[in-house]
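For reference, the structure is listed below as structure tokens.
The values are calculated or read from the model by the stated rules, or taken from the named source; none is laboratory data. All of these numbers come straight from a predicted model, not from anything done at the bench. Please note: Cβ atoms are built from the backbone with ideal geometry, for glycine as well, and neighbour counts cover all protein chains shown. To get the accessible areas, we keep the full protein, side chains included, count just its heavy atoms, and leave off ligands, DNA and RNA. Shrake-Rupley method; radii C 1.70, N 1.55, O 1.52, S 1.80 Å.
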4 protein chains.
Amino acid sequence: MAKVREARRREEHEIEFSRIIAFSDGVFAIAITLLVLNLNVPAHIQGDDLSRVLWDQRQDMFAYAISFAVIGRFWIVHHRFFSDVTGFDGRLLALNLFYLAWIVLIPFSSQVLGDHGGDPAAIVLYSVNLSVVVLVGGLLFADARRRGLSKVSDEDALENRRRAGFIAAIFLASIPVALIDGHAAQFLWLALFVPVLLGLMRRG
Amino acid sequence: MAKVREARRREEHEIEFSRIIAFSDGVFAIAITLLVLNLNVPAHIQGDDLSRVLWDQRQDMFAYAISFAVIGRFWIVHHRFFSDVTGFDGRLLALNLFYLAWIVLIPFSSQVLGDHGGDPAAIVLYSVNLSVVVLVGGLLFADARRRGLSKVSDEDALENRRRAGFIAAIFLASIPVALIDGHAAQFLWLALFVPVLLGLMRRG
Amino acid sequence: MAKVREARRREEHEIEFSRIIAFSDGVFAIAITLLVLNLNVPAHIQGDDLSRVLWDQRQDMFAYAISFAVIGRFWIVHHRFFSDVTGFDGRLLALNLFYLAWIVLIPFSSQVLGDHGGDPAAIVLYSVNLSVVVLVGGLLFADARRRGLSKVSDEDALENRRRAGFIAAIFLASIPVALIDGHAAQFLWLALFVPVLLGLMRRG
Amino acid sequence: MAKVREARRREEHEIEFSRIIAFSDGVFAIAITLLVLNLNVPAHIQGDDLSRVLWDQRQDMFAYAISFAVIGRFWIVHHRFFSDVTGFDGRLLALNLFYLAWIVLIPFSSQVLGDHGGDPAAIVLYSVNLSVVVLVGGLLFADARRRGLSKVSDEDALENRRRAGFIAAIFLASIPVALIDGHAAQFLWLALFVPVLLGLMRRG
């Protein structure tokens, strides 16, 4: 039914191409910033002092930190992927939108996690959300590559797959752990920060 | 009263032109991301477990998925339209803003739909909102073309009209159905995903 | 105390310059999109049907329409102004931020207007907010021009002043009217749409 | 474990580089605009008039003004810093994200400040948040410079350090003051506006 369109070359459609990137960046930037709305303190506090109420937000703060790091990480991966993309078509656009739909869900999953961190269902929701992001992202990247829309080198593709696999493995592993102990599952997630810390500690 | 301005050629005013696109993309990106705010789970759940509460959000999730797909689709159409625009004037800007005003309403209509999905009024609100987007979009595109501000080919214009008409037809058709059965009307909307699925299944 | 910096020429600092525009556009796009958050319908409606509740939102819808048109209009004026800017310095940046601070207030004033449209205080708040935007905008434009940072022609500067003055006049005039009759003051605002309608009706 | 990547030169990766800036600008623009959500007036006011309720928002308005000025200021500093950046690598990206995570927290700290301005805990939270922004920003700038990724002149680096130090000093100084008198601490913050006012008063 729909007309078969040729993929458009990036260099001939630079403006259209940069719109795809600008739109994606906008979605990432908004999703990461909306995380702050999950933190809040009631305007009127009765019979309790503010420092105590703030301290009770530590689970929300934890969810904020994890989710900020995770969305930031996905953005970097998306960023690297698109720097190697050489053309686009309707299918790439559709997959990219599908990918973004799962990124945008993260503030919701993160809010549930912040409010119900001890409940296995919250951990499972969060882990499933992030695992699907990784899965769909991998599909997007592999599909673009297979169809010749990406000039990513084999080495970098492997590197990306390794990074994505690392994130997915942690979240998938945390699901069974969560069914036993929700807090233990979240400790597992701290492993996400290891590569970042290694990167920061490495001498420039 | 207002001075008659000549349309400005795109190539002579590249920065101004790209601002129009950047602003529109920003609005699309924010509107699509605000959809996540329609999903939420109370911080304190009494006498019910979280997985049950999450399950009760399925109507909200459905509204989220439909609205994300719809706004994404409109963005792609807008994107294609502007890639063929060769000039702009105050009227194009005004129509584009008017168009965006209806895009920005979608998160509201979507929230009503998520909370009151069984109510015909919610379906009618949502269908009217999306039909107006298609109508105003068609007006915007046709007007720019008629006044020589778009170099879209006849073939692509027809294609765009066909896509827009397809979306509008589904939503308009769902209004009478909604008055009889709200849930049936929403099943009708699933037809929106057919072209996307066809696009994804088509071999690259 | 602070070092005197020379104004930076636009053509030598294109990236920095376009960041100022991109940031401003982002703020405009977000402010205009946040207007939708002022529309909402409770998730649980008791003893009343949805179509009635939606109908009761008409004052909120009115505030949405007016504010969308107004922010959109200010964006177009800002857009035209910056297309003639040839350089920037710290003072231009500071004034631009001060201007944006009043743009960002509009969703708040608009929310108060939507919820308390019959109350003179709501009309005064809204009118003052928009008048200050026009005033600060005028200051920003005049200051840039006086210091040689804008190559706007005399004719266009006059046109801009006339447009801005038209908006400011309507809102300032509505303040005394509001103290007598809040609804009459809002009817006055409909005059804002006259130039837009004239523009749309003008043959292309 | 992770492959050692070379820093990428800005001029060879202009699109990737501008995405980093666009993403950061997006985050700044959204964070500054979300401040408006901290202002709100209940839809139904009982036994009190609207002008009184608006007047009671003055602490929220104060928090809005201070936070808008502060985020705007940080944006200008970030803007200047990146105009001198000549290359980027994973570490710069990670530090920039870490920096942004503290920028995005400001609307939260600002909300707490607006609602609980007289409480020392609110002042301390706000002061700590802003001091960490300055600290992490200083780290980001110094690190990029040390590793040859920034061509900022010694003079400008000094200037930036002086500006950042000025902001940090005010907020750190306000912490002990807050423990004695919350309102006095906030008066201290008004000193932040001194350089802006000096800048505006300076003849063009």
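General remarks:
- For the pair A:E155 and C:E12, a Förster radius of 45 Å applied to the C-beta separation gives a FRET efficiency near 0.70, rounded to the nearest 0.05.
- Cβ-vector label at 7 Å, C:E12, separations to other copies in nm: 2.8, 2.8, 4.0
- Taken as Cα centroids, the range B:155-177 and the range C:128-180 sit 42 Å apart, rounded to the nearest whole angstrom.
- Square roots of 5 times each gyration tensor eigenvalue, C-alpha, the range D:129-204, largest first, Å: 27, 19, 7
- Three-way shape label, the range B:123-171, alpha-carbon gyration tensor, a/c 1.5: oblate
- Dipole-positive endmost among C:N96, C:I66, C:V53 within the range C:1-121 (Cβ charges, Cα centre): C:N96
- Across peptide D:14-21, the mean count of Cβ atoms from other chains lying within 10 Å of each residue's own Cβ comes to 6.
- Accessible area per residue was computed with a 1.4 Å probe on protein heavy atoms; A:R52 scores about 130 Å².
- Interface area, B with A, accessible, probe 1.4 Å, both sides summed, Å² nearest 100: 3700
- For peptide A:142-149, the mean count of partner chain Cβ atoms within 10 Å of a residue's Cβ comes to 1.
- The 1.4 Å probe gives accessible areas that order B:E14, B:E159, C:E12, largest first, as C:E12, B:E14, B:E159.
- Considering helices alone, the calculated mean residue ellipticity of chain D at 222 nm is -25000 deg cm²/dmol, with DSSP H runs of length four and up weighted by -39500 (n - 2.57) and normalised per residue.
- Chain C: DSSP helices with Cα axial extent of at least 27 Å and average Kyte-Doolittle hydropathy no lower than 0.0: C:14-34, C:58-83, C:90-115, C:120-146, C:154-180
- For q = 0.16, 0.18 Å⁻¹, Debye-computed log10 I/I(0) when each Cα of chain A counts as one equal scatterer: -1.07, -1.26
- Centre separation in Å (Cα based) which lies between the range A:43-101 and the range C:48-116: 27
- Gyration tensor (alpha-carbon) shape descriptor, the range D:34-88, a/c threshold 1.5: prolate
- Ordering D:F166, A:F74 by accessible surface, largest first, gives D:F166, A:F74; the 1.4 Å probe counts only protein heavy atoms, with every chain in place.
- Taking all protein chains into account, the per residue accessible area for the range B:69-204 stands at 38 Å² (1.4 Å probe).
- Peptide B:98-108 has a mean shielding of 5, counted as Cβ atoms of other protein chains within 10 Å of each residue's Cβ.
- Distance distribution P(r), the protein assembly as shown, all Cα-Cα pairs, bin width 20 angstrom from 0: 15, 51, 32, 2 percent.
- Pseudo-label separations to other copies for A:V53 - Cα-to-Cβ vector, 7 Å, nm: 2.0, 2.0, 2.8
- Burial ranking of peptide ranges D:76-87, D:179-190 (average Cβ count within 10 Å, highest at the top): D:76-87, D:179-190
- Note on C:K151: accessible area is roughly 130 Å² with a 1.4 Å probe, heavy atoms of protein only.
- When the charge dipole of the range A:56-155 is built from unit charges on Cβ atoms (+1 for Lys and Arg, -1 for Asp and Glu) and taken about the Cα centre, the candidate among A:F108, A:V124, A:A142 whose Cα reaches farthest toward its positive end is A:A142.
- The eigenvalues of the Cα gyration tensor, multiplied by 5 and square-rooted, give the range C:82-171 an equivalent ellipsoid with semi-axes of 29, 15, 8 Å from largest to smallest.
- Each residue was assigned an accessible area with a 1.4 Å probe, and for A:S18 the value is about 50 Å².
- Between C:A169 and B:I180, the C-beta separation translates, for a Förster distance of 56 Å, into a calculated FRET efficiency of about 0.60.
- A protection proxy built from the mean count of other Cβ atoms within 10 Å ranks the segments A:128-135, D:20-27, most packed first, as D:20-27, A:128-135.
- Inverse mean reciprocal Cα-Cα distance (Kirkwood Rh) of the range C:1-118, Å: 16.7
- Share of pairwise Cα-Cα distances greater than 17 Å in the range C:82-127 is 50 percent (whole percent).
- Solvent-accessible area assigned to carbon and sulfur over the range A:15-159 amounts to 61 percent, based on a 1.4 Å probe.
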